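Asker: Right, I'll just put the structure down here and ask away after.
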Amino acid sequence: MMTAKEYIDSLRKLNTRVYMFGEKIDNWVDLPIIRPSINCVAMTYALAQDPQYEDLMTATSNLTGRKINRFTHLHQSADDLVKKVKMQRLLGQKTASCFQRCVGMDAFNAVYSTTYEVDEKYGTHYHENFKKFLIMVQDEDLTVDGAMTDPKGDRSKAPHDQKDPDLFLRVVERRADGIVVNGAKVHQTGAINSHWHIFMPTIAMGEADKDWAVSFACPSDAEGLYMIYGRQSCDTRKLEGCSIDVGNAKFGGQEALVVLDHVFIPNEYIFLNGEYDFAGMMVERFAGYHRQSYGGCKVGVGDVVIGAAALAAEYNGAEKASHIKDKLIEMTHLNETLFSCGIACSCEGCQTKAGNYQIDLLLANVCKQNVTRFPYEIVRLAEDIAGGLMVTMPSEKDFKSDLAVGNNGETIGEICNKYFATHENVSTEDRQKVLRFLENICLGAAAVGYRTESLHGAGSPQAQRIMIARQGNIQGKKQLAKTIAGISDK
């Protein structure tokens, strides 16, 4: 397994094409806007090297029998599914951000079981292709982006009905040695920080959409593949050289538009190629795994939000107020409810035909439905506790300024430190740090990895409600009521 340093060094060896603010970024690994997100991924490598986290962070490969990073693992039991959620909570606690490697792990497990069933029906070799690919990923401890979301264009139309057929990723040429694909994937978490990508369909499809029913693996620096970095709120603060104003200066999330301009994919990396009747299965399974993930990662970040809010109350001298204590209790209740859902859908997991374990789809969707709501309330309460200074405080440069402006020769820095002081055991700088940290998570760049991503990540709230309706077994529940009430079917 790679160390954190080896991971960062490995990114430098790639010829990944990255664009930001209308320009090509050559040394994107060290760019202050991007580097915090790389540090997050690096933590998944660092913790795997720490003996105290070995049980959560590592596993034994069912393909090779070798010790691997759990982020490259195929779940072999309900216990594996539980450990996945606990691992994600741990990383959320360590980074207070999105550590980006979950989408690849969820794609591995969805593609593994789906390709087995495609081969079973059609006699294809996709499952063997995928196993060989995953063994390489495990042995080299690679970070892989799971790419599902297409731009979609006119949402009322299927892929084949779009005015521009590239609005869903598609096969434009089939050759003896592989396929050529064209299109894009949007909102791609950690794409730039990944060595490889697994592309999957984004919706269930019909026969007319078979050219869009495609799944494959592709390296980040493949010819014709490039990425445009996603803008985040307050992102240019990272270029100012002021660590306090950034909030979470070390860690951060990342999203990108991934464009494939006539990219050639060899046969050995193809996992679906026109078998449209399995597109929906792959989507549903990936979505289920990824919705389970939010019961871990967002809970870990929530732990940090609660801690920061409690610190802000203490630094404001308000920690003993009954309403503050009640708000912290409510935040904890909501956060642990999310964790409970993540654990529940894991414990109720079952084995697929391929042998790996899948979460309970209904409970996974209930988990994510709660995640679309509870972090918003947790953030609201955190902002309430922190107070308005979280968004009106002068800059770090003002607090450190030696420009004299007062009648008695006081500097801007002295005035700021005077008027934003709290009780004597807390420095104004520490108060600054915790308030900026909360601003970053609630409103700034980190909100992408916590609040906003809680709503839209792994599908919109309506996507979960559709799955809950499918999995909810209303007819079965009606029969339960009929039986007890003594109503017979006529």
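Asker: If I ask for residues that are closer than 23 Å to T114 by Cβ, among the aliphatic types (A, V, I, L, M) and open to solvent by 20 Å² or more (accessible area, probe 1.4 Å), which ones from the range 198-235 would you list?
Answerer: Listed by number, the residues that qualify are I203, A204, M205, A208.
Asker: Scanning for something of a type in the set (V, I, T), touching a residue at least 12 places away in the same chain (Cβ under 8 Å) and surrounded by fewer than 19 Cβ atoms within 10 Å (Cβ to Cβ), does the range 359-382 turn up at least one residue? Steps first, please.
Answerer: First, the residues of the range 359-382 that are of a type in the set (V, I, T): 359, 366, 371-372, 378-379.
Filter once more, keeping what is touching a residue at least 12 places away in the same chain (Cβ under 8 Å): 359, 366, 371-372, 378-379.
From what is left, the residues that are surrounded by fewer than 19 Cβ atoms within 10 Å (Cβ to Cβ) are none.
Scanning the range 359-382, I find no residue that is of a type in the set (V, I, T), touching a residue at least 12 places away in the same chain (Cβ under 8 Å) and surrounded by fewer than 19 Cβ atoms within 10 Å (Cβ to Cβ), so the answer is no.
Asker: Sort through K353, K298 and tell me the only one that's closer than 15 Å to I378 by Cβ, of a type outside the set (D, E) and at pLDDT 95 or above.
Answerer: So the residue among K353, K298 that is closer than 15 Å to I378 by Cβ, of a type outside the set (D, E) and at pLDDT 95 or above is K298.
Asker: Could you say which residue among G300, G288, G280, G307 is closer than 25 Å to S340 by Cα and open to solvent by 10 Å² or more (accessible area, probe 1.4 Å)?
Answerer: G307
Asker: Would you call D145 open to solvent by 40 Å² or more (accessible area, probe 1.4 Å), under 28 Å from L363 (Cα atoms) and either among the polar types (S, T, N, Q) or at pLDDT 95 or above (or both)?
Answerer: no
Asker: Restricting the search to the range 270-307, which residues are of a type in the set (A, V, I, L, M) and under 25 Å from I203 (Cα atoms)?
Answerer: Result: I270, L272, A279, M281, M282, V283, A287.
Asker: Could you tell me whether any residue of the range 190-207 is at pLDDT below 95 and not polar (S, T, N, Q)?
Answerer: no
Conditions tested, residue by residue: (1) basic (K, R); (2) touching a Gly at 6+ places or on another chain (Cβ under 8 Å); (3) free of Cβ contacts under 8 Å to residues at least 12 places away in the same chain.
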position	(1), (2), (3)
E414	no, yes, yes
Y419	no, no, yes
T428	no, no, no
E439	no, yes, no
R470	yes, no, yes
K478	yes, no, yes
G486	no, no, yes
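Asker: Moving on. Charged (D, E, K, R) and touching a residue at least 12 places away in the same chain (Cβ under 8 Å), is that true of K298?
Answerer: Numbers: charged (D, E, K, R): yes; touching a residue at least 12 places away in the same chain (Cβ under 8 Å): yes.
So K298 fits the description; yes.
Asker: Now, a different point. Wholly within the range 399-481, which helices (runs of 4 or more DSSP H) include no fewer than the required count, namely at least 2 residues that are more than 17 Å from the chain's Cα centre (by Cα)? Give the steps one after another, and end with the answer.
Answerer: Values: elements: 412-419, 428-442, 451-456, 461-471.
Correct list: 412-419, 428-442, 461-471.
Asker: Give the range 420-456 a look and list any residue that's of a type in the set (S, T, N, Q), within 16 Å of L389 (Cα to Cα) and either open to solvent by less than 40 Å² (accessible area, probe 1.4 Å) or in contact with a helix residue (DSSP H, G or I) (Cβ under 6 Å, 6 or more places away or on another chain) (or both), or say none. Talk me through it step by step, then tell me what you get.
Answerer: Quick first cut of the range 420-456, residues of a type in the set (S, T, N, Q) only: 422, 425, 427-428, 432, 440, 452, 454.
Cutting the leftovers down to within 16 Å of L389 (Cα to Cα) gives us 422, 427-428, 432, 440.
T422, T428, Q432, N440, listed by residue number.
Asker: In the range 395-411, what residues are within 27 Å of V434 (Cα to Cα) and open to solvent by 80 Å² or more (accessible area, probe 1.4 Å)?
Answerer: The answer is K397, K400, D402, L403.
Asker: I need the full set of residues from the range 315-347 which are farther than 26 Å from Q292 by Cα and either part of a helix (DSSP H, G or I) or touching a Lys or Arg at 6+ places or on another chain (Cβ under 6 Å) (or both), in order please.
Answerer: Those that are farther than 26 Å from Q292 by Cα and either part of a helix (DSSP H, G or I) or touching a Lys or Arg at 6+ places or on another chain (Cβ under 6 Å) (or both): Y315, N316, S322, H323, I324, K325, D326, K327.
Asker: Now for a different question. Of all residues in the range 318-342, count the ones that are more than 26 Å from A458 (Cβ to Cβ), open to solvent by less than 50 Å² (accessible area, probe 1.4 Å) and small (G, A, S).
Answerer: Going residue by residue through the range 318-342, those that are more than 26 Å from A458 (Cβ to Cβ) are 318-329.
Filter once more, keeping what is open to solvent by less than 50 Å² (accessible area, probe 1.4 Å): 318, 321, 324, 327-328.
Narrowing further to those that are small (G, A, S): 318, 321.
Total meeting the criteria: 2.
Asker: Quick one: is V118 in a helix (DSSP H, G or I), under 23 Å from the mean Cα position of the chain (by Cα) and either surrounded by 23 or more Cβ atoms within 10 Å (Cβ to Cβ) or in contact (Cβ under 8 Å) with a residue 60 or more places away in the chain (or both)?
Answerer: Against the criterion (in a helix (DSSP H, G or I), under 23 Å from the mean Cα position of the chain (by Cα) and either surrounded by 23 or more Cβ atoms within 10 Å (Cβ to Cβ) or in contact (Cβ under 8 Å) with a residue 60 or more places away in the chain (or both)), V118 does not qualify.
The values are calculated or read from the model by the stated rules, or taken from the named source; none is laboratory data. Source: prediction; values computed, not measured. Cβ atoms come from the backbone with ideal geometry, glycine included; neighbour counts cover every protein chain shown. What goes into the accessible areas is simple: the full protein's heavy atoms, side chains included, and nothing from ligands, DNA or RNA. Shrake-Rupley method; radii C 1.70, N 1.55, O 1.52, S 1.80 Å.
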